[in-house]
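S.K.: I'd like to ask some things about the structure below.
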Amino acid sequence: MEEFVSHFAEVADPRARNARHDFPEVIFVAVTAVPCGAEDCTDMALFARSKLDLLRQVVKLEHGPPRHDTFSRVFRPIAPEPFEAAFAGEAKGVVAIDGKALRGACERGRKATPLHLVNVRAAEAKLVIGQRLAPGRNEAPGARQAPALLGLEGCIVAADALHCRPTRPRPSSTPEPTTPWRRRPTNPACWPRPRRRSGRPIRMIGPSTAPPSPMIASKAVSPR
């Protein structure tokens, strides 16, 4: 529990000083309820009541299980940036960035432009540690913001082929980034040129510079 509290030390309690339930305990119950299928504050309160004996093996919960309005008073005014950064401490190894459009999340008469989010998922922890809005359904700005805001030091960030461009800048909040940005070789401009054993590069013949076949050349010069 001490390690869990250390992750959320930068998250401020938005409630009043006379709040009964301990703030880290409420966060712990909510975080454990979501993987069990909780989708809102009512589900979190139901999980806390049904698993009270099991939860008290880790946290005290002196005032009983938190109610749904307790979870609501915690998560409605909470700052999202430090809350997401707390989950970034679980990010190790490979972190995948991918954008998805939310089904049905669109204004009336604008079904072609739904809400588009860029998700940041820790592969080893199997946990989504952050989300960013893709303005105009463009994933590039959200993908550049995510590693800088979450502080993914020491992680390998994997992204879609959309970001495999030679002109794409490295996403970082410092002049010398510590987070490696690995590009997959899906764009031919990013591929290394093949070389012979002697070290000289092999001449690449494209469609425009390829010599014509002998049959086509003979037909072109043969007199009628």
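Please treat every number below as a calculation from the coordinates, not as lab data. Every value quoted in this text rests on a predicted model; they were computed, and no experiment measured them. FYI the Cβ positions are ideal-geometry reconstructions off the backbone, even for glycines, and counts take in every protein chain you see.
S.K.: If eta is 1.002 mPa s and T is 20 °C, what Stokes-Einstein diffusion coefficient results for segment 2-78, Kirkwood Rh from Cα pairs, in µm²/s? Let's see the in-between values first.
M.R.: Details: Rh = 12.6 Å.
Value of D from the Cα-based Kirkwood radius: 170 µm²/s.
S.K.: By counting other Cβ atoms within 10 Å of each Cβ, how are ARG76, ARG137, ARG108 ranked from fewest to most?
M.R.: Numbers: ARG76 9, ARG137 12, ARG108 5.
Ranking ARG76, ARG137, ARG108 by Cβ neighbours within 10 Å, fewest first, gives ARG108, ARG76, ARG137.
S.K.: When ranked by the protection proxy of mean other Cβ atoms within 10 Å per residue, highest first, what sequence do the peptides 42-49, 64-71 form?
M.R.: Peptide ranking by packing, descending: 42-49, 64-71.
S.K.: Could the peptides 129-136, 8-15, 21-28, 77-84 be put in order, highest first, of the mean number of other beta-carbon atoms found within 10 Å of their residues?
M.R.: Ranking the peptides 129-136, 8-15, 21-28, 77-84 by packing returns 21-28, 129-136, 8-15, 77-84.
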